[in-house]
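Below is one structure, written out as structure tokens; comments come after it.
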Amino acid sequence: MTIRLHNTLTRSKEEFRPIDPQNVRMYVCGPTVYDRAHLGNARPVVVFDVLYRLLRHVYGPGHVTYVRNITDVDDRINETARKRRAAGAAGTLEELIRERTEETIAWYHADMAALGTLPPGHEPRATDHIAGMIAMIEGLIERGHAYAADGHVLFRVASYAGYGRLSGRTVEDMIAGARVEVAPYKEDPMDFVLWKPSDDDLPGWDSPWGRGRPGWHIECSAMSEALLGPEFDIHGGGIDLQFPHHENEIAQSCCAHPQAQFARTWLHNEMLMVEGRKMSKSLGNFFTVRDLLDKGVPGEVIRMVFLGTHYRKPMDWTEEKRREAEAALRRWRGLTAGIEPAASPAPGVVAALSDDLNTAGAIAELHALAGAGDGAGLLASARLMGLLTDELGHWAEAGTGALDALADRLAAARAAAMDSKDFSEVDRMKAALVAAGVEVRMSKAGVELLPGAGFDPAKLEGL
RNA sequence: GGCGGGUUGGCGGAGAGGUUACGCAGCGGAUUGCAAAUCCGUGUAGACCGGUUCGAUUCCGGUACCCGCCUCCA
């Protein structure tokens, strides 16, 4: 099976050929752990989880290395720690920072697991790789690609001819935009920070340039090199990282290792929209994955909604999509209950995923399998996409015990009504069940009650 | 201002230079105490204007509108 992926670097779909099929290497930009992950943060995690699963399917589970970093150096983290200290929290600033990042990472792991995503093989933390960053910065200075000034170290953008290739813009274009930060210590306004000084109120590490902390982009260059080497297969993240983050990563890594190509294939997922607007912190229209889970939206449903839109198109989160996804999953779970998955996923599903992760096309194939009554094929294929797994299925079983008892009562009432011709009690029960989101099936064979979309076990109380 | 992307039937959302996407909703039928579910049947859409072609929604150019990046962001 040939996998084809859309490479941002070339703006075209390319056949994917790993550098080493025995060790396919992928790096995805992970979270900055300053707060709960919002729904937009979850999209790349799910998208690249599907790619990870596909790569494992094609090359073997032991032949894919997936690295997703954790950024735990960040001014927003510092800010939270400072506020906590000001509010009287015990401990040093460093301890409060660690506390904050530890709890945020635990939330992140729990929330992403709820979406059925596999943990990456490595989750390096920036604070564990400071030495590697300092070494890389020193190398860049030696080669003339960076310079120290006023306690800062800056990358000399003019020294790298390839700058702008990923984002498809020239340095002149960017200067025309005229929104770069001008600082007295910069040789050129485009130059970006590799290292910056920390005062006593900020976390810092000793370096040749004094006590300080790394800039935003250098961590990914250092950590990908440490875990995947100077050249690897896939680098992923949200499209908003294309510039400047990924452009700067390329500049740093390629200048540090001129003989290597850094990441060969760049994949970017489009943004998540809410009410037609990008979900973003500055617009203040974001909600977290946990908010949704707490509202009773199962992680599997969120995952299904995500996969319904191709990753390179903006996706609007809507209540209607949530409802449709839940209904389809309930149907499929009913169809596959007690069935063993087929030995391998359906070729049509693998083919769709292999075509630049056409998850919407793959879901259409799942519908076809369900329509054909192929429960075993459906199960194996859905699981390749991380759907219909045992871990994600608990939501679909909630309240089913109560339904079994109600089904018996309804069957008895119906049998009595058949004789008396008075169906009022049967109709009352049926209406109440439908109101609780239950699908009521009455046939000659008997009565069957199944949870439907929006099923709420709490509404069964009065029955 | 610079750069990039998008525009598909009632809604969501794919692929393909010429043949039904698919899902949801709708409509007709079977079935049912009535329903629901299920099954069968049913829709002929691709912003606008040109061009290439025997043939374009699919390729090329332009226009309009929408969105994103250029500033913390996935």
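The values are calculated or read from the model by the stated rules, or taken from the named source; none is laboratory data. On a predicted model such as this, the values are computed, not experimentally measured, just so you know. With ideal geometry, Cβ positions are generated from the backbone for all residues, glycine too; neighbour counts draw on all protein chains shown.
Take the conditions of a type outside the set (A, V, I, L, M) and either within 18 Å of A:N69 (Cα to Cα) or outside the structural domain of A:H122 (by TED's automatic domain parsing) (or both) and apply them to A:E187. Does it pass?
On the way: of a type outside the set (A, V, I, L, M): yes; either within 18 Å of A:N69 (Cα to Cα) or outside the structural domain of A:H122 (by TED's automatic domain parsing) (or both): no.
No.
Take the conditions (1) part of a loop (DSSP other than H, G, I, E, B); (2) touching a Leu at 6+ places or on another chain (Cβ under 8 Å); A:V350 misses just one of them, which is (1).
Scanning the range A:67-77 finds one or more residues that are touching a Cys at 6+ places or on another chain (Cβ under 9 Å), assigned to a loop (DSSP other than H, G, I, E, B) and within 12 Å of RNA strand B (Cβ to nearest atom). Looking across A:G132, A:G162, A:G116, one residue alone is assigned by TED's automatic domain parsing to the domain that holds A:G210, in contact with a helix residue (DSSP H, G or I) (Cβ under 6 Å, 6 or more places away or on another chain) and farther than 30 Å from A:D291 by Cα. It is A:G132. With respect to (1) surrounded by fewer than 18 Cβ atoms within 10 Å (Cβ to Cβ); (2) more than 30 Å from A:Q22 (Cβ to Cβ), the lone exception for A:H109 is condition (2).
When residues in the range A:369-414 are screened for being more than 15 Å from RNA strand B (Cβ to nearest atom) and assigned to a loop (DSSP other than H, G, I, E, B), 9 of them pass.
Of the strands (runs of 3 or more DSSP E) lying entirely inside the range A:1-45, the ones with 2 or more residues being more than 18 Å from A:L307 (Cα to Cα), modelled with pLDDT of 90 or more and not charged (D, E, K, R) are found at A:24-28. The single condition from (1) of a type outside the set (D, E); (2) surrounded by 17 or more Cβ atoms within 10 Å (Cβ to Cβ); (3) over 21 Å from the mean Cα position of the chain (by Cα); (4) not in a helix (DSSP H, G or I) that A:I339 fails is (2).
Screening A:I19 with (1) more than 21 Å from the chain's Cα centre (by Cα); (2) within 15 Å of RNA strand B (Cβ to nearest atom) gives one miss only, at (2). Report, by residue number, each residue of the range A:415-452 that is within 38 Å of the chain's Cα centre (by Cα), assigned to a helix (DSSP H, G or I) and surrounded by fewer than 17 Cβ atoms within 10 Å (Cβ to Cβ). Passing the criteria: A:V434, A:A435. Screening A:L388, A:L335, A:L410 for residues that are touching a helix residue (DSSP H, G or I) at 6+ places or on another chain (Cβ under 7 Å) and under 23 Å from A:Y311 (Cα atoms) leaves exactly one candidate, A:L388.
Looking across the range A:219-263 at every residue that is farther than 23 Å from A:R143 by Cα and not hydrophobic (A, V, I, L, M, F, W, C), the one that is nearest to RNA strand B (Cβ to nearest atom) is identified as A:G238.
Mind telling me which of the residues A:Y27, A:Y34 ends up being within 16 Å of RNA strand B (Cβ to nearest atom), crowded, with 23+ Cβ neighbours inside 10 Å, among the hydroxyl-bearing types (S, T, Y) and under 26 Å from A:M315 (Cα atoms)? It would help to see each step written out before you state the result.
Details: A:Y34 fails: crowded, with 23+ Cβ neighbours inside 10 Å.
Result of the check over A:Y27, A:Y34: A:Y27.
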